[in-house]
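The values are calculated or read from the model by the stated rules, or taken from the named source; none is laboratory data. Everything numeric here is computed off the predicted structure, so don't read it as measured data. No Cβ is skipped: glycine too gets one built from the backbone with ideal geometry, and neighbour counts run over all protein chains shown. Keep in mind that these areas ignore ligands, DNA and RNA; they rest on the heavy atoms of the full protein, side chains included. Shrake-Rupley method; radii C 1.70, N 1.55, O 1.52, S 1.80 Å.
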Amino acid sequence: MSNVQGYFDPRFESVREIFAQQQQDPQARGSALCVTVGGETVLDLWQGVVDKDNQQVWEQDTLVNVFSCTKPLGAIAVLQQVEAGKLGLDAPLAEVWPEFAQAAKEQITLRQILSHQSGLSAITETLPPEALFDWEAMSNALAAQHPWWMPGQAHGYAPVTYAWLVGEPLRRVTDTRPGRYIQEHICQPLGMDFFVGVPDQALPRLAHVSRLRNQFGDEYARALFASMGQPEGLGFKAFGNPSSMMVSTNERQWQQAEILSANGTGNARSLARFWQVMAHGGSLESTHLLDPELVAQMRREHSQGMDRTLLAPTRFGLGVMLEQDYEGGGFGMGPQAYGHPGAGGCLGFCDPDAQVGFGYVTNAMGPYVLMDPRALALSREVYRCLQRGD
């Protein structure tokens, strides 16, 4: 017996069936799925539980940490500054952040930051746990950090440091805290129930996040987890320095910080809405997010190949992942799809060719590096339904 709530277009009934089946897994907790095609919402579903005791049902307005699904919002925020002439994609970041011009970083550009080519995927110096929640401490540590490789010569995903690498230039040119900027210039205009830094009044709607037990993912996941066991290595530092990165997800300090790489909190509906607009080139009806030329830059391949941090093949535009043709590397739709997964299974992306905006969230974290099989099963079935309808 399924407890799926919400709306579905009958053309996508098979997607709803897969979504309901996923809840039969004994470790399943809560999840939500929203899909737009063109200007309409064709699926808006939710199911399961939000609390660690499995007593409280997932509601229509439940919020959950979507981790790195937040990164494209940060990219849009700084690209809006490029559109406004306040930042240059290829100008040294140090022009707006003078303290950054040390430790061989004088020439690093916003383009290199957004495409994970800067060599600043992690901080070498061991930081105290509380530093993660101290904007100045993290910005200063990155200003002092020497790149892990020659900027522009390789790429390696910056899972957490991206927040300050993008957010500090944004703060300097807008004189606004990044979470507030994203709220005022992206979330509110689009009607997204989404926060980078959850306000007090929304805290009661948050789902408790937990990990699936005894699941080890694919070969890439196993390689990454092995690398995270080496305390001086890039993987360990990128995901575990400060150590609070790994253990704070359900703590108020994390929920209310403005870590625009990793602590965005929202729902599937909000992710789908954001990607619906991106599927239409950055503008839809009266909503304008970004100039089409900058959207084209976002979608263009900037880095590809073996990722120094994730130890898996990755392909990036600016602040977004691009489609890849291996199992778990792509979005399950067409070759132009782009977006971003979040740790543990959340996924937001669009397919401009199919005019699809897609959002999937869960509070039961799986072990995969890029795309989670649960989200992929749903996106592939959406695509099949669309092709059947052609």
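Tabulated results
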quantity	calculated
P(r), alpha carbons of the range 314-383 - 10 Å bins starting at zero, rounded %	23, 60, 17, 0
GNM top mover of 157, 326, 181 - the chain, alpha-carbon springs below 10 Å	326
Residue with peak Gaussian network fluctuation, the chain [Cα springs, cutoff 10 Å], from 231, 159, 72	231
Bridge type composition, the chain - antiparallel percent by DSSP, nearest 5	95
Cα-centre dipole for the chain with unit charges at Cβ (Lys and Arg positive, Asp and Glu negative), debye to 20	380
Alpha-carbon centroids, the range 322-390 and the range 156-194: separation in whole Å	24
Per residue accessible area of the range 1-87, 1.4 Å probe, in Å²	42
With eigenvalues of the C-alpha gyration tensor scaled by 5 and rooted, the range 93-135, Å	21, 13, 11
Distance between modelled label sites at residue 104 and residue 56, nm, 7 Å Cα→Cβ extension	4.9
Translational D in µm²/s for the range 157-259 (Stokes-Einstein at 37 °C, 0.692 mPa s, Kirkwood Rh from C-alpha pairs)	205
Where trypsin sites (Lys or Arg not before Pro) fall in DSSP loop in the range 29-110, at most 16 other Cβ within 10 Å	52, 86
Segment residue 390-residue 190, length gained on full extension (0.36 nm per residue, minus Cα span)	69.1 nm
Accessible surface ranking that places the most exposed of 176, 124, 161 first, with a 1.4 angstrom probe	124, 176, 161
Percentage of interatomic Cα-Cα distances in the range 94-184 larger than 19 Å	35
Filtered GluC sites (Glu not before Pro), the range 97-173: DSSP coil and at most 15 other beta carbons within 10 Å	106, 125
Relative contact order [Cα under 8 Å, 6+ residues apart], the chain, whole percent	24
Under the Karplus curve 6.51 cos²θ - 1.76 cosθ + 1.60, θ = phi - 60°, whole-Hz ³J(HN,Hα) for the range 80-89, x wherever Gly or Pro sits	4, 6, 5, 4, 7, x, 8, 10, x, 4
Under Karplus coefficients 6.51, -1.76 and 1.60, residue-wise ³J(HN,Hα) of the range 323-334 in Hz, glycine/proline x	4, 9, 9, 10, 4, x, x, x, 8, x, 10, x
Charge sum, other residues only, whose C-beta stays under 13 Å from residue 157's C-beta, Lys/Arg counted +1 and Asp/Glu -1	+3
Largest-first principal axis extents of the Cα set of the chain (Å)	59, 43, 42
Rg/Rh ratio calculated on Cα atoms of the range 4-161 (Kirkwood radius)	1.11
Other-chain or far-sequence residues with amide H under 5 Å of residue 63's (modelled H)	206, 207
Equivalent ellipsoid semi-axes - Cα gyration tensor, the range 203-304, angstrom	31, 21, 14
Spherically averaged projected area in nm², based on the convex hull that wraps the Cα atoms of the range 61-120	5.4
Whole-number percent relative contact order across the range 147-283, with pairs defined as alpha carbons under 8 Å at least 6 apart	37
Percent accessible area from carbon and sulfur atoms, the range 69-139, protein chains only, probe 1.4 Å	51
Of 215, 238, 297, farthest towards positive along the dipole that unit charges on Lys, Arg, Asp, Glu beta carbons give the range 170-300	215
Gained length - residue 126 relative to residue 175, 0.36 nm times residue gap less alpha-carbon distance	14.7 nm
Apportionment of accessible area to carbon and sulfur, the range 216-325, percent (1.4 Å)	51
Long-range HN-HN contacts of residue 158 with modeled amide H, under 5 Å	none
Debye intensity ratio I(q)/I(0), log10, the range 258-390, q values 0.17, 0.18, 0.22 Å⁻¹ (C-alpha model)	-0.93, -1.05, -1.53
Loop-located GluC sites (Glu not before Pro) in the range 227-269, at most 14 other Cβ atoms within 10 Å (DSSP)	232, 251
Relative contact order computed over the range 68-184 (Cα-Cα under 8 Å; 6+ residues apart), in percent	33
Of 90, 53, 44, the one that fluctuates the most in a GNM where the chain has Cα springs shorter than 10 Å	53
Paramagnetic reach from residue 14 (point 7 Å along Cα→Cβ, amide N under 17 Å) across the range 334-371	334
Extension gain from residue 326 to residue 21, taking 0.36 nm per residue of separation minus the Cα-Cα distance	107.3 nm
Cα-based convex hull, the range 156-217, per residue volume (Å³, whole number)	148
